[in-house]
1. Which count do you get for residues in segment 65-83 that are assigned to a strand (DSSP E or B) and open to solvent by 20 Å² or more (accessible area, probe 1.4 Å)?
2. For segment 154-176, how many residues meet the condition of being within 16 Å of residue 219 (Cα to Cα) and part of a helix (DSSP H, G or I)?
3. For residues in segment 173-207 being among the hydroxyl-bearing types (Ser, Thr, Tyr) and either under 15 Å from residue 160 (Cα atoms) or in contact (Cβ under 8 Å) with a residue 60 or more places away in the chain (or both), which is most open to solvent (accessible area, probe 1.4 Å)?
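The values are calculated or read from the model by the stated rules, or taken from the named source; none is laboratory data. Being a predicted model, the structure only gives us computed values, none of them experimental. Here the Cβ positions follow ideal geometry from the backbone for every residue, glycine too, while neighbour counts run over all protein chains shown. Areas reflect the complete protein model, heavy atoms only, side chains present, ligands, DNA and RNA absent. Shrake-Rupley method; radii C 1.70, N 1.55, O 1.52, S 1.80 Å.
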Amino acid sequence: MMKHYFYLLVLILSLTACGSNDDNAPHRKPAGPNANANDTSLKKEYGRLEFPKLRGGAGNRVVIHSTNDDGVNYSVEWNDAKKSQRWSCYQMYKSNLVQKVSRYKSKTNQYPKDPQIPAEYAFDADPYWSSGYDHGHICPSEDRRSSFDANYQTFYMSNMQPQLNGFNAGVWLHMENAVREWAKKNNYKFCDTLYVCKGGTIDHPTNYTKTGKGLLVPKYFFMAVLRVKNGQYNAIGFWVEHNANNDSHLAKYAVSIKELEEKTGIDFFCNLPDAREKVIESTPVNYTLWDLK
């Protein structure tokens, strides 16, 4: 009887040790001192590795979208006064990249209002139509075809930034495809999880313009990607000017996370232990690892 109890105790401890603050992500979050981590007293999700340092303060809110099938789908930091998002962040791993459904389509409600954003901080009517800009997904629809709900949520207006079609269907699409290829590379053996944070520059008036309908049009777009494989961490950033550009040679847009933080003013991957974060973010881009030319 004691022998059976011992084995049961070992099993329970083993399962607990494999737990993570990152829901379904197939790895364990590293431990260690972290002075700049997000405060998780309001929501534990703020401690997930894809989250950058929250700006906080009046007028900035974090919206977390979840589904019954996948748990946390993606998250957004939204600026109420500007009616614009600062970033979307999300995780990519084998089970949430399985494509089970088609891309969401609707003749009457293609870009729904985000139900978690109060009406007074959202546009009454879709300001993208006839603006000359695409509804630019930040968390891509193509990365969230594991369920109808997951894909539908990517069409929320809060997940959009205005993008020129020549950018949205050009270099931005090439970057999104590259990130997706990394997540799936070598039949998902290249990484256990990718942590992604993306957006456009809206913090300073010098880095955006404003349309007649009130849309903020970023001058630059960025991506921050953290790769985890067997407890090893690598990171890469993309920084690209917002103009019509079909360039598929992405190496010229790749930057270290430290450089991306300097350009954006955003502290990426702040929930990593300080010592590990410092090394990961300051390491120059490894073009061979990321297969960039």
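1. Residues in segment 65-83 being assigned to a strand (DSSP E or B) and open to solvent by 20 Å² or more (accessible area, probe 1.4 Å): 3 in total.
2. Selection size over segment 154-176: 6.
3. If we take residues in segment 173-207 being among the hydroxyl-bearing types (Ser, Thr, Tyr) and either under 15 Å from residue 160 (Cα atoms) or in contact (Cβ under 8 Å) with a residue 60 or more places away in the chain (or both), then 188 is most open to solvent (accessible area, probe 1.4 Å).
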